[in-house]
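Right, I'll just put the structure down here and ask away after.
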Amino acid sequence: MNPTVKRVVSYALKAAIILLAFTFIYRRLNNNTNLHNFQQLVSQIGRGQAVLVMSAVLGLMLANWLLEAAKWRYLAQRLSHITFWRSIEAVFCGLTWAIFTPNRIGEYGGRVMFLPQRKRVHGMFAMAVGSFGQNVVTNVLGAIAILWFVATYLHIGPWLYAGLLVLALALMSVMILFFFNIKWMVSFLNSIKFLRKYHRFFDIMGRYKFTELTRVMGFCIARFAVFSSQYYLLIHMFIPALPLYEILLFIFVMFFIQSALPSLDLFDFGVRAYTADVLFGYVTDQKIAIIASVTAVWFINLILPAILGSVFVLKLRFFDNNV
């Protein structure tokens, strides 16, 4: 392709990505009553407490995505040497792509564009290892929280609960076992005839050793702790009577349900808000405070980073030598 054509196509793609992201963001934030309710609730809290909590939540947002950047750099080192700063750029750029794509699939594309062109498909499978690890944490802790929730609030029969317990233990065991033996998944993919010709791409997943996967899991657990703390801080600020363990366990259930449902990243806060409203309805009638808190975390963790990531979209290289 002619260099001039490449340059024009590159600029057009960058402009389209930024336009799509900001269009979706604007449409979702325009007259958002939940964010307005959050502002009103914050105005009723002591100024010092509100500033302290919001500063902590914003700081945790940065910690969350810096941990993800560290995890991505660690996973990508098998493909190409990237600096920590370039990993940060890739993560935030991916968030801009994710905001308007189903199930955040665009995050893969945005992130791997910062790898050499010949390594981008491999990068998607390397990223899948990290995503799988995050899902393991979400589902294991979510299954434990669901067992607590059912035993505490639903009071089902002992035999039904025993069945649920067995199912939960099976889910947790299978997910942990498959993550630390991810080469089994590679073997399965290689056994499918029409996929064998692509083995050079997904074989990267089987190259991670147990010690490397353990470190990846450490990043995943740390991230889970960080964004769970954000929810706790905001909900506790508005409803201090709720104990720590109840807030966290309800949050774990909410994460579990959300991870099981396909959604558009920009709109998945609606799933979170509805789920949180139903769950926390068992212990509090302060519906507005719960939904406002969930919406605020969605805005801080996804919308703000997506806006910041638009700066890094301009640095994308769709072709090896494009400007």
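Just so you know, all these numbers are worked out from the coordinates, no wet-lab data involved. Worth saying up front: this structure is predicted, and the values here are computed from it rather than measured. A quick note on method: Cβ atoms are made from the backbone with ideal geometry, for glycine too, and the neighbour counts reach across all protein chains shown.
What percentage of all Cα-Cα pairs in region 19-144 are separated by more than 26 Å? Please list the in-between numbers first.
Working: 3038 of 7875 pairs.
Of the Cα pairs, 39 percent sit more than 26 Å apart.
Apply 1/(1 + (r/R0)^6) to the Cβ-Cβ distance of residue 29 and residue 148, taking R0 = 45 Å, and write down the FRET efficiency to the nearest 0.05.
Values: r = 35 Å, r/R0 = 0.78.
For residue 29 and residue 148, the calculated efficiency is 0.80.
Could you tell me the relative contact order of region 115-194? Use alpha-carbon pairs under 8 Å, at least six residues apart, and round to a whole percent. Mind dumping the intermediate values first?
Numbers: 22 pairs, mean separation 25.6, N = 80.
Rounded, it is 32 percent for region 115-194.
Please check: in the Gaussian network model of the chain (C-alpha springs, under 10 Å), which one of 50, 70, 289 has the largest mean-square fluctuation.
Between 50, 70, 289, it is 50 that shows the largest mean-square fluctuation.
Set the Förster radius R0 to 35 Å, insert the Cβ-Cβ distance between residue 119 and residue 171 as r into 1/(1 + (r/R0)^6), and round the FRET efficiency to 0.05.
Values: r = 34 Å, r/R0 = 0.96.
For R0 = 35 Å, the calculated efficiency reads 0.55.
Can you show me the helix-derived [θ] at 222 nm for the chain, built from DSSP H runs with n ≥ 4 at -39,500 (n - 2.57) apiece and divided by the number of residues, rounded to the nearest 500.
That calculation yields -24500 deg cm²/dmol at 222 nm.
What is the order of 87, 55, fewest Cβ neighbours within 10 Å to most?
Sorted ascending by nearby Cβ count, the order is 55, 87.
Given contacts defined as C-alpha pairs under 8 Å and at least six residues apart, what's the relative contact order of the chain, whole-number percent? Display every interim value, and only then the final one.
On the way: 361 pairs, mean separation 103.2, N = 323.
Worked out over the chain, it gives 32 percent.
Let me ask something else. For a quick check: sort 148, 159, 298 by the number of other beta carbons within 10 angstrom, fewest at the front.
Working: 148 15, 159 8, 298 21.
The most exposed by this proxy come first: 159, 148, 298.
Let me ask something else. Using only the alpha carbons of region 1-71, determine the length spanned along each of the three principal axes and report them from longest to shortest in whole angstroms.
61, 35, 16
What dipole magnitude, in Debye to the nearest 20, does the chain give about its Cα centre under +1 on Lys/Arg Cβ and -1 on Asp/Glu Cβ? Show your work: numbers first, answer last.
Numbers: 28 positive and 11 negative charges, 332 e Å.
Magnitude of the dipole: close to 1600 debye.
Stretch residue 105-residue 288 to full length: gain in nm at 0.36 nm per residue minus the Cα-Cα span?
Details: separation 183, 0.36 × 183 = 65.88 nm, distance 3.10 nm.
Difference between extended and current length: 62.8 nm.
With the Cα gyration tensor of region 88-177 in hand, give its eigenvalues times 5 under a square root as the equivalent ellipsoid semi-axes, listed largest first in whole angstrom. Walk me through the numbers on the way to the answer.
On the way: eigenvalues 286, 41, 15 Å².
Computed over region 88-177, the values are 38, 14, 9 Å.
If a helix is a whole DSSP H run, which ones in the chain reach 30 Å or further along their own axis (Cα) and hold a mean Kyte-Doolittle hydropathy of at least -1.0?
Qualifying helices, which must be both long enough and hydrophobic enough, are 3-29, 47-76, 120-149, 158-180, 210-238.
Sticking with this one: Pairs of Cα atoms under 8 Å, at least six residues apart: use those to get the relative contact order of region 173-231, whole percent.
Details: 22 pairs, mean separation 19.1, N = 59.
This gives 32 percent for region 173-231.
Where the centroid of each part is defined by its Cα atoms, how far is region 178-235 from region 2-50 in Å?
Each part reduced to its Cα centre gives a spacing of 30 Å.
Now, a different point. Only counting other Cβ atoms within 10 Å, I'd like 36, 155 sorted with the fewest neighbours first. Could you put the intermediate results ahead of the total?
Values: 36 12, 155 8.
Neighbour counts put them in this order, fewest first: 155, 36.
Here is a further query. Over the chain, one equal point on each Cα, no solvent: what is log10 I(q)/I(0) by the Debye formula at q = 0.07, 0.11, 0.12 Å⁻¹?
Here log10 of I(q) over I(0) equals -0.32, -0.78, -0.91.
For the pair residue 183 and residue 80, how long in nm is the line joining their label points, each one 7 Å along Cα→Cβ?
Modelled inter-label distance: 2.7 nm.
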